[in-house]
1. For region 68-87, give me each residue that is assigned to a loop (DSSP other than H, G, I, E, B) and either touching a helix residue (DSSP H, G or I) at 6+ places or on another chain (Cβ under 8 Å) or among the basic types (K, R) (or both).
2. What number of residues within region 47-60 satisfy the criterion of being open to solvent by 50 Å² or more (accessible area, probe 1.4 Å) and of a type in the set (D, E, K, R)?
3. Considering only region 1-20, state which residues are of a type outside the set (D, E), assigned to a loop (DSSP other than H, G, I, E, B) and open to solvent by 80 Å² or more (accessible area, probe 1.4 Å).
4. What are the pairs with Cβ atoms under 9 angstrom where one residue, in region 73-84, is touching a residue at least 24 places away in the same chain (Cβ under 8 Å) and closer than 24 Å to V100 by Cβ and the other, located anywhere, is open to solvent by 50 Å² or more (accessible area, probe 1.4 Å) and assigned to a loop (DSSP other than H, G, I, E, B)? Sequence gap at least six, or different chains.
5. With I32, I23 as the choices, which residue is without any contact (Cβ under 8 Å) to a residue 60 or more places away in the chain and part of a helix (DSSP H, G or I)?
6. I'd like to check something: does region 34-46 contain any residue that is open to solvent by 100 Å² or more (accessible area, probe 1.4 Å) and of a type outside the set (K, R)?
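The values are calculated or read from the model by the stated rules, or taken from the named source; none is laboratory data. Given the structure is predicted, the values throughout are model-derived calculations rather than measurements. Neighbour counts are summed over all protein chains in view; Cβ atoms, including those assigned to glycine, are modelled from backbone coordinates with ideal geometry. The accessibility values were calculated without ligands, DNA or RNA, using every heavy atom of the protein model including side chains. Shrake-Rupley method; radii C 1.70, N 1.55, O 1.52, S 1.80 Å.
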Amino acid sequence: IRPDNPVRAALKPKDARKRELDIFTLEEVGRIAAEAARRPNLRCVALLALTGMRVGEALALDVPDVNFGPPAVVSVTKSLGKAREVGTPKTPNSVRAVEV
């Protein structure tokens, strides 16, 4: 019989359960869009709320990334990182076209 328990040194596995996401309701998105229509400085906030884009993805957008359509489509192909450098999005699945 061992005096110590070797299992105590083992690392616990990561929790396989997904954390619950805190997302906007349709009513909240509608209120954000309505307020952004009245206040131009909130249009970026409305873009984020309506498309699900990350802040870094929106900040890395260039004019060629936006097709005013119809339908209006934003191509997400890059992201602005913490060091303010433009690089690839967080994951390969993040490269996408978002209809606005």
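1. Within region 68-87, T77, K78, G81, K82, R84 meet the criteria.
2. The qualifying residues number 1.
3. Hits for region 1-20 are I1, R2, P3, L11, K12, P13, K14, A16, R17, K18, R19.
4. That search, which allows pairs on different chains as well, returns V73/V100; V74/V100; S79/R54; S79/T88; S79/K90.
5. From the options I32, I23, the qualifying one is I32.
6. There is at least one residue in region 34-46 that is open to solvent by 100 Å² or more (accessible area, probe 1.4 Å) and of a type outside the set (K, R).
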